[in-house]
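Have a look at the structure below, then the notes.
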Amino acid sequence: MKLYKYITFVLCQLSSLCIAQEIVSLAFVGDIMPGSTYYGQQTADRGQSLFNDAKKIFSTVDFTFGNLETTLADSGRPRNPQREFNFLTPTSYGRILKEAGIGYLSVANNHTYDFGAAGIASTLRILKKNDIYCSGLKQQDAYQLIEIKGIRIAVCAFGFNFYCNQINDLTEVKRIINSATKNADIVVVSFHGGAEGKQHRNLPQKSETFMGEDRGNLRRFAHFCIDNGADVVYGHGPHVVRAVEIYKDRIIAYSLGNFCTPYGISIGGINGYAPILTIELEQDGLFRQGRIHSMIQYRGVGPRFDPENRALKEIRLLSDDNISNGAMNITSTGHIIATRWRPIDNELIEESEEYYEDNEIDWNLTGW
């Protein structure tokens, strides 16, 4: 047995010397809806300070992803005035999002079309003007290609509304991901799905129906994406955080909840948990390490660092309860450790919270 361990160790070391993997660092957040002028809701400084704390994390990674849960337009007529929520955010927020460090926003959600085709056109124009990538609408290219440190990353997005790439059409999901894998080193999938509210914080083993809409079987969808070549799958839609999973050495975040929704969306209790998920990937998409940074929202203020780490505690609890074999540990400091076997000091040991607490680890990223 010792000879086997030694041979395995030597082979792993030789492999790592021959193939030097470039590392890319990414950040992910949930719903962003900074305020709707349709309801006369804006922060006193028109959003200038919304991301003051978040910028400190975004600036430590190579690229940041989120979900734009609103329309970017200065005026418009709602497609359905009788609807309870219609979100219209001034176009000036395009610059604020860019200056915060956000590089990609999914538009595959149930508020992109609140102000009809004119609202969508304005949103896409403002994102392009501010060099923010987006995808998820049927009228767009199926995915966006982003190059970071010579690594090509394809990003596609899915939702449950008729104008989105469909989360429930697995044939189309497979086609899009397979196409992306041919042109990229890493494939990131964003999805908007699941039932809404604190009563839906747990991840079910079946499809979720909410307000008469089929909002996806999210376990099946996420695993299907990775089975077909995706490397990261991150979700939003329930307005609360959900479990995190490592599946086939790839990471899934089933819901990152509300991130920046200071008005118009409930942020009381667990609805106000606003985590930032940061990860490192090797250039072939293999998950290397990650961390959950806890933030909390305040009405009219936006996300701020949470010294109580409530988002982290919630995600740890849900991951333990909802994922039977998550292939990871989440430490009390928020570090996500894949439980793969790896060679250390001529022995193969399983990565564990105890190992990371007892040994000095270089997390590479300032602020991690």
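Restricting the search to the range 256-284, which residues are surrounded by fewer than 24 Cβ atoms within 10 Å (Cβ to Cβ) and touching a residue at least 60 places away in the same chain (Cβ under 8 Å)?
Correct list: Pro262, Tyr263, Gly264, Ile265, Gly269, Ile270, Asn271, Ile279, Glu280, Glu282, Gln283, Asp284.
Name the residue that is surrounded by the most Cβ atoms within 10 Å (Cβ to Cβ), counting only residues in the range 298-324 that are among the charged types (D, E, K, R) and within 18 Å of Ile337 (Cβ to Cβ).
So the residue we want is Arg316.
I'd like to check something: does the range 132-141 contain any residue that is hydrophobic (A, V, I, L, M, F, W, C), out of contact with any Leu (no Cβ under 7 Å at 6 or more places or on another chain) and touching a residue at least 24 places away in the same chain (Cβ under 8 Å)?
Taking every residue of the range 132-141 in turn, at least one turns out to be hydrophobic (A, V, I, L, M, F, W, C), out of contact with any Leu (no Cβ under 7 Å at 6 or more places or on another chain) and touching a residue at least 24 places away in the same chain (Cβ under 8 Å).
When you look at Gly194, is it in a loop (DSSP other than H, G, I, E, B), touching a strand residue (DSSP E or B) at 6+ places or on another chain (Cβ under 9 Å), under 29 Å from Asp321 (Cα atoms) and modelled with pLDDT of 95 or more, yes or no?
yes
Of these, Met328, Met295, which one is crowded, with 20+ Cβ neighbours inside 10 Å and modelled with pLDDT of 95 or more?
Testing whether each residue is crowded, with 20+ Cβ neighbours inside 10 Å and modelled with pLDDT of 95 or more leaves just Met295.
This table checks each residue for (1) assigned to a strand (DSSP E or B); (2) surrounded by fewer than 24 Cβ atoms within 10 Å (Cβ to Cβ).
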| residue | (1), (2) |
| --- | --- |
| Gly66 | yes, no |
| Arg77 | no, yes |
| Gln82 | no, yes |
| Gly94 | no, yes |
| Leu97 | no, no |
| Ile102 | no, no |
| Asn109 | no, no |
| Tyr113 | no, yes |
| Ile120 | no, yes |
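Condition check ((1) touching a residue at least 12 places away in the same chain (Cβ under 8 Å); (2) over 19 Å from Arg316 (Cα atoms); (3) in contact with a His (Cβ under 9 Å, 6 or more places away or on another chain); (4) among the acidic types (Asp, Glu)) across all residues:
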residue: Phe191; (1), (2), (3), (4): yes, yes, yes, no
residue: Ala195; (1), (2), (3), (4): yes, yes, no, no
residue: Gln199; (1), (2), (3), (4): no, no, no, no
residue: Asp214; (1), (2), (3), (4): yes, yes, no, yes
residue: Ile226; (1), (2), (3), (4): yes, yes, no, no
residue: Tyr247; (1), (2), (3), (4): yes, no, yes, no
residue: Tyr254; (1), (2), (3), (4): yes, no, no, no
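The values are calculated or read from the model by the stated rules, or taken from the named source; none is laboratory data. Worth saying up front: this structure is predicted, and the values here are computed from it rather than measured. Note: ideal-geometry Cβ built from the backbone for every residue, glycine included; neighbour counts use all protein chains shown.
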